[in-house]
Every structure is written in C-alpha cells, then in structure tokens.
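Novice: Would you mind keeping the following structure in view while I ask a few things?
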Ligand code: ADP
Ligand code: MG
C-alpha cells in the first residue's frame, strides 16, 4: 500500500512537471520559428527548403503540446462538479477562430443544468481534440453541431460534423497511438481523449460515413445537483 501511494505521488509530480514544461517550452518554440522565418526570407533556395523543413518540425512539436497538454495545469488533479454548458462555452471561445479559419462554424445547444464529476482541464482537452478533428475534416460550408441532454442517469454529449467522414475500415483504429490519415497529423489527439474519458468513467463512440460526416457520442454518469 505504502509503495502504491508513493508511486501515485510520483505520477502526480511527473504530470504536473510535464504541464509546466509544456507551458515553458511553447514560447521558445514560437520565437525560434519567427527567427527561422526571418532568415528564410533572406537566403537562397536550397537553404529556404531546409528552413521550411525546420519550421514544419517545430510546428509538429507545438501540435503535440497542444493535443497532450494545452489545458494541463501545473497543479494536482482535482475532481469537481462540472457544468457541461460552461465547459463547452469556454471551449467554443478557443475553437471558434479555428473554425472560421477553415471556413465553417460551430453551433452549441446545451442546457444549463447538466453536471458531471471530473477534472475541468482534462475534459476541455478531450473536447478540444474531438472538435479540432471535426474542423480539420471540413469541406465547404463546414459545421459542427454540439448538443447535450440527460437520459437514464447519464449525460449524453453529441458532436456532429458534416465533414469528410471516416472510412469504415479505419473506425477501429481511432485512438491507436500515431494513427493519422492527415499529412501533418500527430495521431495522438484521440488517444489522449479516450484515456481522459475512460478515467472519468465515460464512454465514447463514433458514427461516421465517408463523404457525409461524423458524429461522436460521449456519455458520463450524471450528477444530480440541485
Ligand atoms: P490527428 O488528428 O493528428 O490525425 P487524431 O487522433 O486526432 O489524430 O485522429 C486520428 C484520425 O481519426 C484522423 O487522422 C482522422 O483520419 C480520423 N478522424 C477523427 N475525427 C474525425 C472527424 N470528425 N472527421 C473525419 N476524420 C476524423
Ligand atoms: Mg486530431
């Protein structure tokens, strides 16, 4: 028992350390990117190509930080009562510019009175990774619809897009580390998401049709809190 306690304390230390490092490393990555771009603008063709490759690799490092640790907080994991509407509103604020950039939109429709128990930053990370995939799948007039309700003691959250969809042969591979169909994908987003949802006693399923769209359904045990 003693040893287990020590181990979980160590795990906490490692994860909070990882979160601080992620925050600290982000800035120098951006600064390095800026200087590389500057130099690329003043150099010959062959070196420009190398600069471009270096910038791509930096972007990849930033993306890994985003999908793993963007919302990680350098403090202990705390479990609190989470209001689904509030959590998703905050996500919306972060994700809207990305949707606009991809020529589409995000529509939220969440009642005020839905609560689950969990960790706010992790839940945000999980939703972020799912919604980001929807946006990256946009074709023309992309839209993500997000709605939620309570049923039989569970909170259901649906995230549905009209994007490119997923080949049925690939559905089973979602969440596998490094599985990605994107040119610059990390293949880590859903792995992180699945782990977070599992840790919060939730379930996630994907319904998708190629060239039609994808619907993700997530359920959590409901907290009746009034
Ligand atoms: P990445 O986004 O870096 O590729 P993810 O783990 O987030 O890694 O997703 C893995 C793969 O799942 C994606 O490459 C994509 O093929 C597929 N995918 C996930 N969500 C969607 C979606 N909403 N629409 C289309 N494909 C999706
Ligand atoms: Mg992704």
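Novice: I'd like to check something: does segment 99-109 contain any residue that is free of Cβ contacts under 8 Å to residues at least 24 places away in the same chain and loosely packed, with under 14 Cβ neighbours inside 10 Å? Step through it out loud before you land on a result.
Specialist: Here is the first cut: in segment 99-109, the ones free of Cβ contacts under 8 Å to residues at least 24 places away in the same chain are 100-101.
Now restrict to residues that are loosely packed, with under 14 Cβ neighbours inside 10 Å: 100-101.
Yes, because at least one residue in segment 99-109 is free of Cβ contacts under 8 Å to residues at least 24 places away in the same chain and loosely packed, with under 14 Cβ neighbours inside 10 Å.
Novice: Here is a follow-up. Could you check residue 155 against (1) within 10 Å of ligand 1 (Cβ to nearest atom); (2) in contact with a helix residue (DSSP H, G or I) (Cβ under 7 Å, 6 or more places away or on another chain) and say which number it fails?
Specialist: The single condition residue 155 does not satisfy is (1).
Novice: Moving to a separate point now. Tell me yes or no: at least one residue of segment 30-37 is at pLDDT below 85 and either over 25 Å from residue 125 (Cα atoms) or surrounded by 15 or more Cβ atoms within 10 Å (Cβ to Cβ) (or both).
Specialist: no
Novice: Okay, next question. Working only within segment 179-200, note down all residues that are within 23 Å of residue 58 (Cβ to Cβ), exposed (fewer than 14 other Cβ atoms within 10 Å of the Cβ) and touching a residue at least 60 places away in the same chain (Cβ under 8 Å).
Specialist: Matches in segment 179-200: 184 only.
Novice: Further, regarding this structure: Hey, among 222, 208, which residue is farther than 19 Å from residue 67 by Cβ, surrounded by 14 or more Cβ atoms within 10 Å (Cβ to Cβ) and within 16 Å of ligand 2 (Cβ to nearest atom)?
Specialist: Only one candidate qualifies: 208.
Novice: Please indicate, with yes or no, whether at least one residue in segment 111-129 is surrounded by fewer than 20 Cβ atoms within 10 Å (Cβ to Cβ), closer than 20 Å to residue 63 by Cβ and within 12 Å of ligand 1 (Cβ to nearest atom).
Specialist: Looking for residues that are surrounded by fewer than 20 Cβ atoms within 10 Å (Cβ to Cβ), closer than 20 Å to residue 63 by Cβ and within 12 Å of ligand 1 (Cβ to nearest atom), one finds none in segment 111-129, hence no.
For (1) away from ligand 1 (no atom under 12 Å from the Cβ); (2) more than 15 Å from the chain's Cα centre (by Cα); (3) under 18 Å from residue 119 (Cβ atoms); (4) modelled with pLDDT of 95 or more, each residue gets a yes or a no:
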residue	(1), (2), (3), (4)
184	no, yes, no, no
192	no, no, yes, no
197	yes, no, yes, no
201	yes, yes, yes, no
206	no, yes, no, yes
209	no, yes, no, yes
212	no, yes, no, yes
215	no, yes, no, yes
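Novice: Quick one: would you say residue 176 is in contact with a helix residue (DSSP H, G or I) (Cβ under 9 Å, 6 or more places away or on another chain), modelled with pLDDT under 95 and within 16 Å of ligand 2 (Cβ to nearest atom)? Spell out how you get there, then give the answer.
Specialist: Values: in contact with a helix residue (DSSP H, G or I) (Cβ under 9 Å, 6 or more places away or on another chain): yes; modelled with pLDDT under 95: yes; within 16 Å of ligand 2 (Cβ to nearest atom): yes.
It is true that residue 176 is in contact with a helix residue (DSSP H, G or I) (Cβ under 9 Å, 6 or more places away or on another chain), modelled with pLDDT under 95 and within 16 Å of ligand 2 (Cβ to nearest atom).
Novice: How many residues, within segment 52-100, are within 16 Å of ligand 1 (Cβ to nearest atom), at pLDDT 95 or above and out of contact with any strand residue (DSSP E or B) (no Cβ under 6 Å at 6 or more places or on another chain)?
Specialist: Count: 0.
Novice: So which residues in segment 130-149 are closer than 20 Å to residue 224 by Cβ and surrounded by 18 or more Cβ atoms within 10 Å (Cβ to Cβ)?
Specialist: 148 - this is the single residue of segment 130-149 that is closer than 20 Å to residue 224 by Cβ and surrounded by 18 or more Cβ atoms within 10 Å (Cβ to Cβ).
Novice: Go through segment 158-177 and give me each residue that's within 9 Å of ligand 1 (Cβ to nearest atom), surrounded by fewer than 17 Cβ atoms within 10 Å (Cβ to Cβ) and closer than 21 Å to residue 124 by Cα.
Specialist: Residues satisfying the conditions are 176, 177.
The values are calculated or read from the model by the stated rules, or taken from the named source; none is laboratory data. Owing to the predicted nature of the structure, the values given are computational and were not obtained by experimental measurement. As a convention, Cβ positions derive from the backbone with ideal geometry for all residues, glycine included, and neighbour counts pool all protein chains shown.
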